[in-house]
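Shown next, in structure tokens, is the structure this report addresses.
The values are calculated or read from the model by the stated rules, or taken from the named source; none is laboratory data. All figures in this text were calculated on a predicted structure; none of them were measured in a lab. Here the Cβ positions follow ideal geometry from the backbone for every residue, glycine too, while neighbour counts run over all protein chains shown.
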Amino acid sequence: MSRKKHKSAHPATHRPAATVAAAQPSPGAAFVLLGGLALLTSAGMSLMLALTSLAAGFKLPGCGAGSDCARAAASAWGKLPGVQWPVSYLGLAFFLAMLAVWLRSGGNFAGPVRGMVWAGGFTSAVFVGVMFSSGYVCNYCLVAHLANFAFLAVAELSRRPGATLPTGQSLATLLGVFIMATGGLAIADVQARRAADAAAARQQDETIQKITQAATRPAIATQPAPVAATREAAAPAATQPSSSTVAADDSPARRPFTGRYRRGPEKAPLRIVMITDYQCPDCLMAEGVIDPLSRSRSDISLSIKHFPFNTPCNPTAPDLHKNACWAARAAEAAGILGGDEGFFRMHRWLFEHKGSFTDQDFPPALSSLGFDPVEFQRVMQTGETLERVKADIAEALDLGIYITPMIFINGVEVKGWRSTVELGQIIDRLSAAAPPPMGPENDRPPLATAKIISDWRDQAPRQIPEDKQAWPLGPSDAKVRIVLFGDYAEEVTTLADRVICELVRKRGDVRYHFRPFPFDSDCNPAMKDKRFPMSCRAAAAAEAAGVVGGADAFWKMHDWLMNNRNQYDDARLLRALGDLGLDPAAIRAALDAPDTKAAIELDGATGQRIGLKSIPMIFINEKFVSRWRVPKTNESLLAQMLDEAAKMP
């Protein structure tokens, strides 16, 4: 139905100019809301990415080492030139500034600001193109850019003649918020860098102290060092005891800690062993420091061991680097055919080409390196090269490897370096200390048990947001505090929980807090899929029991859920309530209560906030336990960690 038009009782010519401007048509509230939500999404994604640099210990799910997020952040496009800030800082400041002027103007921009909106959209298009063309699609980055595209579309659809907010005020708002956000990020970045520098310096000092102390140990009698196999000695070399067998023997007579091939003197003040992966970006960075030093200085010896993140030769590792196994085998084939010199010639070429080669481009490269392509590829494809790589993998597992590169100097793992500059500084400081020349027989790196406990001990305590609805097990004044994020349907969570519950009940100084983190998007906002479809109901059952009967009821239900991990359903639960001494009607009501759902969502959000990437995620006295079992044997180290935690101040 059309509406009859009436003449205004107050002619426009009598209105003040400001009133006339205000009367221009403005976008509807829906457009303003949609634009604001799009900008909030972009700002939120940028904030999460920024927190990975600003907040110690904060890690985004799916953004660990080797992930697309990590590769994007480490690329030339991930940092602002000059200041080396993450681009997420700039994105966060831009989106917050744009949000402020969008809301203040009611969604009707002045011309210059609209130009900045288009500039932001163009920048997002460039970054999206770079991500896809480079092969690293960071999901958080992608969501931020897609939301920015959505904002650009809303801004154009809501465009009306004139601007609700004068140009000067629009630009002042935009620049003011941008400057304040940038200033705040600058201050936070300085503080984060100082804290990280202090932590790295402490680790560097500890590393140097350990290496210096190791140099004072008397040399020990050992078995002869294994001789690097040549082409002629290939068959006998395959029958020698593998280095993994040697590494597992912690007796004084174990074999020297060194690789099959060495650059530099056998007896050197600084004996570097690097466990590496030819397609690992951090390994390439470390190689950029160690390779030129080992070629130019006479006080350094260098040897290499392999740990490819490639399942065909290393089923213990995620399959991150598709050609890493063949690259390691190529290095070993070069060593068999050319000894020390041949090995390091191929070693350097592999890093220069990031461990990547194809059947088409590899033969010409072999010819340029002085190898017969046919014979080289025949040797590379023999079982011997595979066994050598597997032997290095086994030894690395014995040493408790967690990430690559794992670098040792004089048998001590180098910790506390985050850049090539810092790694070079550590080597220079050690060289200045003038340790005496020794052979690899004097180097005795700790094995996995000691390393895993040391890794936990060296962690900085994290602030874990409090659970408002908690039923811990153990005394409230306990000296040792354990928090475990896990899923009632996940096997390793169950194994860890059984060990912890037994220790809590055996000892009198431990308090255990289990926080559900269901791998199911129905109740956990941090998840994108439904890995365990019944895990939300299981978590709700535990929460419901706590609400109905307190801590005693929670732990009865908790134990029942753990013991019925693969058999949970609501009907089975209701049949078990009588044996658990719980009121079925009260449990049914609490299962679907809004507070129960909110409590589970809070635990999921908390896990995401503290960087949960896998479960179980365990903290002992607020220190993250990166691993709680020994590789290969799966022996639990939690009891030893609790003993140490009880002695902490």
> Within the range 139-166, can you find the residues that are hydroxyl-bearing (Ser, Thr, Tyr) and at pLDDT 85 or above?
Replying inline: 140
> Yes or no: residue 461 closer than 18 Å to residue 298 by Cα, assigned to a loop (DSSP other than H, G, I, E, B) and not assigned by TED's automatic domain parsing to the domain that holds residue 609?
Replying inline: no
> Does the range 160-167 include one or more residues that are more than 22 Å from residue 72 (Cβ to Cβ), of a type in the set (S, T, N, Q) and not in a loop (DSSP other than H, G, I, E, B)?
Replying inline: yes
>> Condition first: within 25 Å of residue 69 (Cα to Cα), touching a Leu at 6+ places or on another chain (Cβ under 8 Å) and in the same structural domain as residue 90 (by TED's automatic domain parsing). Now tell me which residues in the range 151-192 satisfy that.
In response: 151
>> Could you list, ordered by first residue, the pairs with Cβ atoms under 6 Å in which the first is in the range 286-300 and under 13 Å from residue 262 (Cα atoms) and the second is at pLDDT 90 or above and in a helix (DSSP H, G or I), at least 6 apart or interchain?
In response: 300/293; 300/294
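Regarding residue 612, is this residue at pLDDT below 90, aliphatic (A, V, I, L, M) and not in a helix (DSSP H, G or I)? Walk me through how you get there before you give the answer.
Numbers: at pLDDT below 90: yes; aliphatic (A, V, I, L, M): yes; not in a helix (DSSP H, G or I): yes.
So residue 612 fits the description; yes.
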> Out of (1) modelled with pLDDT of 85 or more; (2) more than 30 Å from residue 320 (Cβ to Cβ); (3) buried (at least 17 other Cβ atoms within 10 Å of the Cβ), what's the single condition that is false for residue 186?
Replying inline: (3)
> Do you know which residues across the range 75-130 are surrounded by fewer than 20 Cβ atoms within 10 Å (Cβ to Cβ), more than 17 Å from residue 144 (Cα to Cα) and small (Gly, Ala, Ser)?
Replying inline: 75, 76, 82, 100, 106, 111, 115
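When you scan the range 290-302, how many residues do you find that are out of contact with any Leu (no Cβ under 7 Å at 6 or more places or on another chain), part of a helix (DSSP H, G or I) and of a type outside the set (Asp, Glu)?
Our first condition is that a residue be out of contact with any Leu (no Cβ under 7 Å at 6 or more places or on another chain); within the range 290-302, this holds for 291-293, 295-298, 301-302.
Those left that are additionally part of a helix (DSSP H, G or I): 291-293, 295-296.
Still in the list and also of a type outside the set (Asp, Glu): 292-293, 295-296.
Here the count works out to 4.
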>> Under 7 Å between Cβ atoms, which residue pairs at least 6 apart in sequence (or on different chains) link something in the range 492-513 that is closer than 18 Å to residue 542 by Cα with a partner that is acidic (Asp, Glu) and buried (at least 18 other Cβ atoms within 10 Å of the Cβ)?
In response: 493/487
> Do we find that residue 632 is charged (D, E, K, R), more than 22 Å from the chain's Cα centre (by Cα) and more than 28 Å from residue 570 (Cα to Cα) in this structure?
Replying inline: yes
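I'd like the residue in the range 615-641 that is in a loop (DSSP other than H, G, I, E, B) and among the charged types (D, E, K, R) and, out of all such residues, is farthest from residue 541 (Cα to Cα).
Start the filter on the range 615-641 by keeping residues that are in a loop (DSSP other than H, G, I, E, B), which leaves 615-616, 621-622, 626-628, 630-635, 637.
Add one more test, that the residue is among the charged types (D, E, K, R), and what stays is 622, 627, 632, 635.
Working: 622: 27, 627: 29, 632: 35, 635: 31 Å.
Among those residues, the one meeting the criterion is 632.
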> Restricting attention to the range 564-609, which residues are among the hydrophobic types (A, V, I, L, M, F, W, C) and in contact with a strand residue (DSSP E or B) (Cβ under 8 Å, 6 or more places away or on another chain)?
Replying inline: 600
> Which number in (1) farther than 30 Å from residue 634 by Cβ; (2) at pLDDT below 95 marks the one condition that residue 397 misses?
Replying inline: (1)
>> Can you confirm whether residue 632 is closer than 20 Å to residue 469 by Cβ and either surrounded by fewer than 20 Cβ atoms within 10 Å (Cβ to Cβ) or touching a residue at least 12 places away in the same chain (Cβ under 8 Å) (or both)?
In response: no
>> Exactly one condition in (1) in contact (Cβ under 8 Å) with a residue 12 or more places away in the chain; (2) surrounded by fewer than 16 Cβ atoms within 10 Å (Cβ to Cβ); (3) of a type in the set (D, E, K, R) is false for residue 193; which is it?
In response: (1)
> Given the residues 574, 561, which is the only one that is in contact with a helix residue (DSSP H, G or I) (Cβ under 9 Å, 6 or more places away or on another chain), without any contact (Cβ under 8 Å) to a residue 40 or more places away in the chain and either buried (at least 20 other Cβ atoms within 10 Å of the Cβ) or assigned to a helix (DSSP H, G or I) (or both)?
Replying inline: 574
>> Just the residues that are under 32 Å from the mean Cα position of the chain (by Cα) and part of a helix (DSSP H, G or I), please, taken from the range 508-554.
In response: 535, 536, 537, 538, 539, 540, 541, 542, 543
> For the range 303-418, which helices (runs of 4 or more DSSP H) that fit wholly inside it have 1 or more residues that are surrounded by fewer than 24 Cβ atoms within 10 Å (Cβ to Cβ), touching a residue at least 40 places away in the same chain (Cβ under 8 Å) and assigned by TED's automatic domain parsing to the domain that holds residue 280?
Replying inline: 324-352, 373-380, 383-398
>> Here's a check for you: in the range 421-463, which residue that is more than 25 Å from the chain's Cα centre (by Cα), loosely packed, with under 15 Cβ neighbours inside 10 Å and among the aliphatic types (A, V, I, L, M) is farthest from residue 204 (Cα to Cα)?
In response: 434
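Residue-wise test of (1) polar (S, T, N, Q); (2) at pLDDT below 65; (3) more than 30 Å from residue 397 (Cβ to Cβ).
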{"residue": "168", "(1), (2), (3)": "no, no, yes"}
{"residue": "195", "(1), (2), (3)": "no, no, yes"}
{"residue": "202", "(1), (2), (3)": "no, no, no"}
{"residue": "208", "(1), (2), (3)": "no, no, no"}
{"residue": "226", "(1), (2), (3)": "no, yes, no"}
{"residue": "231", "(1), (2), (3)": "no, yes, no"}
{"residue": "234", "(1), (2), (3)": "no, yes, no"}
